[in-house]
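This report refers to the structure that appears directly beneath it.
The values are calculated or read from the model by the stated rules, or taken from the named source; none is laboratory data. Remember, predicted model here, so these are calculated numbers, not experimental data. Don't worry about glycine lacking a Cβ; one is built from the backbone with ideal geometry, like all the others, and counts go over all protein chains shown. Just the protein is used for accessible areas: all its heavy atoms, side chains included, with ligands, DNA and RNA removed. Shrake-Rupley method; radii C 1.70, N 1.55, O 1.52, S 1.80 Å.
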Amino acid sequence: MESNDFFFVLNGFHPSLPEAEVRSILETSGKTFKVKPSPPMILRVNGLMDSINSVERRAYYVKCSLEELLIAENNPHEIFSTLRELDLSRYDMRSFRLSLRRLGGSGSLIDVKKIKGRIERRLEELWAAERVLVKPDLWLMGFFSGEKFILGKLLKEVKRNISNRLPHKRPSFHPSSMHPSLAGSLVNLSRAKLND
């Protein structure tokens with residue numbers, strides 16, 4: 001099996017807990033992986049799709065997982081020069097959607113709307129693909145994070161429905177109750193295998 005470059009967008013509520021949780025899940029999966037230098041709130045990984053799937057199933061502090069397509073310095077000139085090298089020919093892409101987001105206030109001096117328009121026009125020219133908002137063949141997401149811009153193909157948005165497990169909805173309440181996300185994350189940090 002071929003390993004690929006992926007990245008996870010992490011919840012920014014804590015500086016180290018989300019990354020530690022993902023690393024624990026990857027180590028528990030037993031698959032080989034390598035963590036690459038990453039900007040804030042992003043964890044870049046080279047590994048097998050199986051290990052990525054285990055993170056999507058178990059992580060509480062991951063927002064989404066993506067296949068990495070390009071990474072560039074966080075300025076328009078670098079983004080567009082790197083975009084020229086982007087090869088999407090391996091995807092069946094008749095339609096696409098592009099979302100750009102700032103993480104932790106990064107890229108505040110950059111005109112995101114202008115960059116988004118230029119990237120969309122470039123994709124339309126190169127692959128004759130149509131921009132759509134609903135059910136695209138390829139959903140691309142770009143993130144401004146620290147000094148970097150990273151673009152990826154969305155694999156999965158991770159959404160945990162834990163609202164029915166919140167402390168105030170339990171049959172009995174104790175003021176020292178732990179939030180379900182933190183409890184789940186601590187189980188992952190203990191490197192417990194699935195179904196243990």
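Values computed for the structure shown
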| quantity | calculated |
| --- | --- |
| Separation in nanometres of the label points that stand 7 Å from Cα toward Cβ, at Leu133 and Asp87 | 3.5 nm |
| For region 119-162: rounded, prolate or oblate by the Cα gyration tensor [a/c cutoff 1.5] | oblate |
| Mean Cα-pair separation over length for region 1-95, i.e. relative contact order, pairs under 8 Å, 6 or more apart, % | 34 percent |
| Highest-fluctuation residue, Met49, Met141, Met41 considered, GNM on the chain with Cα pairs under 10 Å | Met49 |
| Largest-first ordering by accessible area, 1.4 Å probe, given options Arg118, Arg97 | Arg118, Arg97 |
| Heavy-atom accessible area per residue - region 46-196, 1.4 Å, Å² | 58 Å² |
| Pair Asn75, Leu126: separation of 7 Å Cα→Cβ label points (nm) | 2.2 nm |
| Bridge type composition, the chain - antiparallel percent by DSSP, nearest 5 | 75 percent |
| Computed accessible area, Ser38, all protein chains, 1.4 angstrom probe, square angstrom | 50 Å² |
| Sites excluded, GluC sites (Glu not before Pro) in DSSP loops with at most 14 other C-beta within 10 Å, longest stretch of the chain | 3-84 |
| Linear extension gain, Lys34 paired with Leu186, 0.36 nm per residue minus alpha-carbon span | 52.5 nm |
| With every protein chain in place, the chain: carbon and sulfur % of accessible area (1.4 Å) | 49 percent |
| Links that overshoot a 32 Å alpha carbon limit, given the list Lys31/Lys113; Lys31/Lys116; Lys31/Lys114; Lys36/Lys156; Lys113/Lys193 | Lys31/Lys113; Lys31/Lys116; Lys31/Lys114; Lys113/Lys193 |
| Mean residue ellipticity (222 nm) of the chain, computed from DSSP H runs ≥ 4 via -39,500 (n - 2.57), nearest 500 | -9000 deg cm²/dmol |
| Spin-label pair Leu194/Arg101, simplified geometry with 7 Å Cα→Cβ offset, distance in nm | 2.4 nm |
| Spatial separation of Cα centroids for region 23-46 and region 117-148, in angstrom | 25 Å |
